[in-house]
Amino acid sequence: MAESTNFSLSRYNPAAIEEKWQKTWVELGLDKTPTVSNKPKFYALSMFPYPSGSLHMGHVRNYTITDVIARLKRMQGYRVIHPMGWDAFGLPAENAAIDRGVPPANWTYQNMAQMRQQLQRLGLSIDWECELATCSPDYYKWTQWIFLQFLQAGLAYQKEAAVNWDPIDQTVLANEQVDNEGRSWRSGAIVERKLLRQWFFKITDYAEELLNDLHKLTGWPERVTSMQANWIGKSTGAYLEFPIIGIDEKIGVYTTRPDTVYGVSYLVLAPEHPLTKRVTTKEQQAAVEALIKEVSHQSELERTAEDKPKQGIPTGGKAINPFTGEKVPIWIADYVLYEYGTGAVMGVPAHDVRDFKFAKNYDLPTDFVIVSSDDVAGFDLTPTSEVDEVTQLIQIEYNHAYTEPGILINSGAFTGMSSTDAKQAIIEYAEKQGFGKVRVQYRLRDWLISRQRYWGAPIPVIHCPNCGIVPVPDKDLPVQLPEEVEFTGRGGSPLTQLESWVNVPCPTCGTPAKRETDTMDTFIDSSWYYLRFPDAKNEQQVFDSSKINDWMPVDQYVGGIEHAILHLLYSRFFTKVLRDRGLLNFDEPFQRLLTQGMVQGLTYLNPNKGGKDKWIPSNLVNSADPRDPQTGEPLQRLYATMSKSKGNGVAPEDVISKYGVDTARMFILFKAPPEKDLEWDEADVEGQFRFLNRVWRLVTDYIAAGVSRKKAQSDLTKAEKELRRAIHTAIQAVTEDVEDEYQFNTAISELMKLSNALTDADGKNSPIYAESIRTLVVLLAPFAPHIADELWHLLGESNSVHTQTWPSFDPAALVADEITLVIQIMGKTRGSIQVPAQADKAALEKYARESEIAQRYIEGKEIKKVIVVPGKLVNFVVS
């Protein structure tokens with residue numbers, strides 16, 4: 001244990017205290033994960049960071065929140081694992097290799113070392129012996145092994161899929177490498193859409209379970225479970241087939257509105273649909289090919305954007321509506337994607353907003369087949385004449401798509417039925433006739449995991465001309481990334497150029513074969529990392545199932561809302577697959593989830609500029625009169641998420657060097673509830689620094705006074721009872737705020753109330769005062785761990801405060817002997833008196849009547865009514 005130093009009683013010196021206690025914690029092993037214990041377990045986990053090279057305040061917020069929870073749980077008697085790792089594969093490292101000529105591994109590991117040092121300075125109780133990096137062969141060996149588990153289970157497969165293709169650099173681009181004009185970030189070329197054979201995980205096989213099990217996630221924000229449910233997007237509808245005139249093929253569509261099928265006025269194929277060429281007539285061939293080429297340059301986001309006009313062209317082909325026998329034209333349009341559903345949709349302009357706009361733009365028929373019940377009131381829909389009259393009225397009245405439920409018209413035998421009943425009846429009719437059936441469909445698509453890049457885990461398969469796809473044998477894992485590669489940014493992945501790595505014998509038959517050169521999506525790495533932490537050094541297996549089943553699921557997961565869908569959904573998927581492979585005995589990976597808000601900084605915006613130039617760095621602006629330093633134009637002030645591009649960031653090092661780690665932690669926890677965005681304000685940082693100084697003075701003044709630690713007597717004075725009530729109120733409130741609600745801001749407010757009670761207390765030589773001082777330090781420990789440990793040591797304790805048992809409150813201490821009773825006359829407050837807390841209504845009225853306050857106002861007047869609100873007030877109604 002470190003010895004007390006001279007600075008201790010003189011002043012609060014954050015830097016010296018932090019250095020001293022961080023070293024001591026390592027010596028004491030307080031951050032180590034217990035290997036054997038009969039205590040209950042607690043797994044505290046933050047979403048691990050990408051090693052970009054520097055922490056930002058968002059990191060500080062995320063990891064401080066988790067650290068407070070972990071520290072509290074240790075003090076409550078739990079065995080705790082609180083690990084950290086690095087989501088270390090990805091495009092930025094490859095870009096750095098191209099731009100700086102630095103190998104991705106060097107760049108990544110250098111950044112890791114820098115960020116590890118920054119994290120350690122934050123005083124986080126992280127078990128660094130569990131540290132992992134997804135780019136380490138020790139880790140991605142098991143990522144590859146898990147891929148092979150998916151392959152064996154029939155959940156990994158290859159098919160053709162569209163990618164962003166740079167025609168100049170001859171390489172596949174990620175979505176983030178394509179600008180808003182559809183150009184490559186590097187070459188400037190217009191990006192094309194191209195079909196490549198790629199690897200997928202069959203997440204759709206688990207769509208129903210992923211959806212149904214959301215109800216188990218009672219510790220997740222409802223917002224997140226709703227986002228996941230919407231992403232999975234289960235719908236029940238009809239699969240219908242429209243025969244194509246002139247060829248023996250049918251166009252299959254999926255619709256959730258089969259009740260509108262009599263209103264189909266056209267069909268639309270995705271430009272990439274295999275039937276597009278076959279249905280296109282010679283007269284339309286040139287125009288169709290031109291649109292296909294134009295659409296190939298658009299990203300998926302561009303094609304489906306709501307505010308973008310939809311482009312289409314008739315193919316010249318026609319199909320038959322099997323319900324009406326009528327011919328309908330076949331179009332292609334940019335808004336239909338081959339990867340979604342069947343790659344074809346039926347156009348019903350009268351009852352779909354998008355179709356309505358498209359039909360108006362291209363002068364296509366709009367045939368209403370559903371109307372509101374009010375519109376057909378009084379009409380007999382059986383005679384054709386009355387139906388025609390209704391139709392005519394509707395065509396005039398409706399100048400928009402009618403998308404609500406209603407009554408069917410112009411729908412053959414289904415005319416007059418409600419749209420709800422008609423849906424089922426139409427599906428049953430289609431099934432009997434053989435041109436349709438009921439179908440449950442999901443918005444969720446299979447997960448495309450292929451990346452045509454170097455810096456990722458190689459997909460461990462070999463392509464043999466005789467055997468086909470051959471898994472790399474377990475004994476040959478990991479398939480390591482070769483280091484002797486050249487990064488030019490052109491010509492696809494560097495792996496494809498390295499023949500010595502690509503060309504290998506088939507493991508099954510020995511025939512010359514080729515390695516798969518695609519690497520895995522980095523979401524693969526983060527979809528199982530939480531399973532590796534409890535057994536991070538296991539060289540023999542992916543993990544010891546007994547250890548993982550002991551520690552999992554994660555009790556508290558903390559991270560940004562931006563990961564609410566993909567990362568969390570993929571992690572749930574992985575857990576279920578590995579459970580089905582017999583490796584796990586639980587269904588869900590994360591028991592409780594906290595999605596913390598963003599950290600926002602004061603930001604200056606020039607609305608007259610575009611792009612990145614519109615953001616003016618704060619250090620270039622006079623805050624009293626904010627103007628653009630180049631143009632002199634007035635700037636708008638707002639709070640926005642901190643980023644380098646906006647020039648509004650605050651470096652954690654700057655805050656720590658000025659105020660210390662504990663102050664930075666206290667501010668980040670106190671400024672806003674964790675799920676809300678936090679606006680950075682240095683005045684509030686200074687406020688927390690002043691509070692810690694006040695606590696320092698309270699404790700050191702107590703120590704300097706040399707007060708002996710006497711045992712508290714059973715008979716306490718009124719002042720002692722009040723102070724003891726303040727102690728136990730703080731214990732109860734802080735525990736509930738941190739343990740149940742995670743309202744760290746209100747927990748710190750309770751610490752402030754207790755410090756105020758200590759400041760105002762009489763009898764500072766009382767044993768109750770000594771108890772209060774010690775309780776304040778213990779309660780402060782999870783939030784400001786360095787100063788708390790120093791003060792605990794100064795109080796004469798030889799152990800760390802973080803080894804102490806978290807206090808429990810005494811319910812009896814919370815019961816007040818007296819309460820404040822408000823006296824009102826005619827509903828107006830005139831003063832208050834102290835009365836026994838247990839007084840009943842009759843006694844409260846008596847105390848109030850006899851009080852000097854009441855006597856002053858009721859003397860000589862008739863009391864017409866007395867209203868007593870127990871524990872709060874007495875109101876006299878007088879003449």
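Every read-out reported here was derived from the displayed coordinates using simple, explicitly stated rules and does not represent laboratory data. Note that the structure is predicted; figures quoted are calculated from it, not measured. All Cβ positions, glycine included, derive from the backbone under ideal geometry; neighbour counts span all protein chains shown.
With R₀ set to 60 Å, the beta-carbon distance separating Ser879 from Thr759 gives a calculated FRET efficiency near 0.80.
Within straight-line reach of Lys612, meaning a Cα separation under 16 Å, sit the following lysines at least 8 residues removed in sequence or on another chain: Lys644, Lys646.
What do you get for GluC sites (Glu not before Pro) in region 494-563 restricted to DSSP loop and a cutoff of at most 10 other Cβ within 10 Å of the site's Cβ?
Taking region 494-563 and a limit of 10 other Cβ atoms within 10 Å, the loop GluC sites (Glu not before Pro) found are Glu539.
Give the separation of the Cα centroids, region 84-109 to region 777-804, in Å. The two parts, judged by their Cα centres, are 40 Å apart. Computed extension gain for Lys718 through Gln114, at 0.36 nm per residue and net of the alpha carbon distance, reaches 211.9 nm. Going from the fewest other Cβ atoms within 10 Å to the most, the residues Glu862, Glu208, Glu845 appear in the order Glu862, Glu208, Glu845. Comparing Pro836, Val866, Ile819 along the charge dipole axis of region 818-878, the residue lying farthest to the positive side is Val866, per the Cβ-charge model.
Computed from the C-beta positions of Val822 and Ala624, the FRET efficiency with R₀ = 41 Å rounds to 0.35.
A DSSP coil position with no more than 12 other Cβ atoms inside 10 Å describes the following trypsin sites (Lys or Arg not before Pro) in region 841-870: Lys861. Judged by the mean number of other Cβ atoms found within 10 Å, the most tightly packed of the peptides 585-593, 218-226 leads the ranking 585-593, 218-226. Cβ-to-Cβ counts within 10 Å put Lys718, Lys658 in ascending order as Lys718, Lys658, the fewest first. Placing +1 on the Cβ of every Lys and Arg and -1 on the Cβ of every Asp and Glu, with nothing else charged, gives the chain a dipole about its Cα centre of roughly 1640 debye.
Stretching the chain fully between Lys841 and Gln76 yields a gain of 271.3 nm (0.36 nm per residue, less the alpha carbon separation).
Put a dot 7 Å past the Cα of Thr236, heading toward its Cβ, do the same for Lys308, and the two dots end up 3.5 nm apart. For region 818-878, a crude dipole built from +1 on the beta carbon of Lys and Arg and -1 on the beta carbon of Asp and Glu, taken about the Cα centre, is about 260 debye to the nearest 20. Extending 7 Å from Cα along the Cβ direction at Asp474 and again at Arg11 yields two label points whose distance is 6.3 nm. Answer with one residue from Asn180, Trp220, Trp199: the one whose Cα lies farthest towards the positive end of the charge dipole of region 141-235, charges on Cβ with Lys, Arg +1 and Asp, Glu -1. The residue sitting most towards the positive pole is Trp199. Here the relative contact order of the chain, from alpha carbon pairs under 8 Å that lie six or more residues apart, stands at 13 percent.
Taking the chain as the reference, fit the longest principal axis to its C-alpha atoms, fit the long axis of helix 222-232 to the helix C-alpha atoms, and give the angle between the two in degrees, 0 to 90, nearest 10. Here the helix axis deviates by roughly 10 degrees. Only residues of region 229-256 count here: report those whose backbone N is under 20 Å from the spot 7 Å along Cα→Cβ of Lys282, or say none. What the label zone holds, given the 20 Å backbone N cut-off, is 245-248. Between the Cα long axis of helix 767-780 and the first principal axis of the chain there is an angle of about 20°, rounded to the nearest 10.
Computed packing ranks the peptides 683-690, 332-339 as 332-339, 683-690, most packed first, by mean other Cβ atoms within 10 Å. Antiparallel beta bridges, as assigned by DSSP with both residues in the chain, represent about 75 percent of the total such bridges. Taking Cα atoms only, the orientation of helix 661-670 departs from the longest principal axis of the chain by about 70 degrees.
For region 4-92, what is Rg from Cα atoms divided by 2.2 N^0.38 Å, rounded to two decimals? Each step should come with its number before you reach the end.
On the way: Rg = 16.4 Å, N = 89, 2.2 N^0.38 = 12.1 Å.
Output field value: 1.36.
Basic side chains Lys and Arg get +1 at the Cβ, acidic Asp and Glu get -1 at the Cβ, and with that the dipole of region 601-669 about its Cα centre reaches some 180 debye.
The residue among Leu119, Leu155, Ser136 whose Cα reaches farthest toward the positive pole of the charge dipole of region 50-185, with charges on the beta-carbon of Lys, Arg, Asp and Glu, is Leu119. Between region 261-284 and region 440-467, the alpha-carbon centres lie 31 Å apart.
If you take the Cα centroid of region 597-676 and the Cα centroid of region 162-202, the two points sit 34 Å apart. Sorting Lys612, Lys475, Lys646, Lys216 by the number of Cβ atoms found within 10 Å of their own Cβ, with the fewest placed first, yields Lys475, Lys612, Lys216, Lys646.
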